[in-house]
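A.B. asks: One structure, pasted below without further comment.
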Amino acid sequence: MWLDALTDRGRLLVPLTVEFPGMPTGIGKGMTLLVTRSGSEWQARALGAMPVAIYSLRDIRDPGRGPQLRQAMTTGGLLKVMRRRRDKHDLEASCVVHGRGSCLSA
């Protein structure tokens with residue numbers, strides 16, 4: 001996984017996109033997320049000033065997270081993200097986009 005390849009203080013810019021009504025089929029629209037490794041933790045922040053629209057990788061898109069991600073984008077919740085969690089945990093109040101073994105957390 002790309003996160004595992006990051007060295008300490010290494011950074012990765014990740015496009016986070018979902019399909020929105022009115023967009024052409026196969027085009028995802030969203031924001032970019034800057035992930036920075038700090039030891040065994042991954043700090044994260046959405047770059048609201050860097051919107052993105054790209055062709056979607058439909059085969060790797062998680063349909064269960066699409067609605068969560070869309071809601072986080074449209075309500076401003078994604079801008080509150082502070083870290084990318086990889087530990088398995090139950091849904092918490094700080095979880096902005098939550099899934100099994102992966103979470104964007106405020």
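The values are calculated or read from the model by the stated rules, or taken from the named source; none is laboratory data. Please read these numbers as outputs of a predicted model, since none were measured by experiment. Ideal geometry is used to build each Cβ from the backbone, glycine not excepted, and the neighbour counts take in all protein chains shown.
A.B. asks: Of everything in the stretch 58-102 that's at pLDDT below 90 and touching a strand residue (DSSP E or B) at 6+ places or on another chain (Cβ under 6 Å), which residue is nearest to ASP4 (Cα to Cα)?
C.D. replies: ARG65
A.B. asks: Now a separate question. Answer with yes or no whether LEU47 is under 12 Å from LEU104 (Cβ atoms), within 13 Å of the chain's Cα centre (by Cα), surrounded by fewer than 18 Cβ atoms within 10 Å (Cβ to Cβ) and without any contact (Cβ under 8 Å) to a residue 60 or more places away in the chain.
C.D. replies: No: the conditions fail for LEU47.
A.B. asks: Also, quick follow-up: Within 24 Å of LEU6 (Cα to Cα), out of contact with any Phe, Trp or Tyr (no Cβ under 9 Å at 6 or more places or on another chain) and crowded, with 18+ Cβ neighbours inside 10 Å, is that true of SER38?
C.D. replies: Working: within 24 Å of LEU6 (Cα to Cα): yes; out of contact with any Phe, Trp or Tyr (no Cβ under 9 Å at 6 or more places or on another chain): yes; crowded, with 18+ Cβ neighbours inside 10 Å: no.
Judged against the criteria, SER38 is not a match.
A.B. asks: Which count do you get for residues in the stretch 8-32 that are in contact (Cβ under 8 Å) with a residue 40 or more places away in the chain and either farther than 15 Å from PRO63 by Cβ or of a type outside the set (Val, Ile, Thr) (or both)?
C.D. replies: Looking only at that region, the number is 5.
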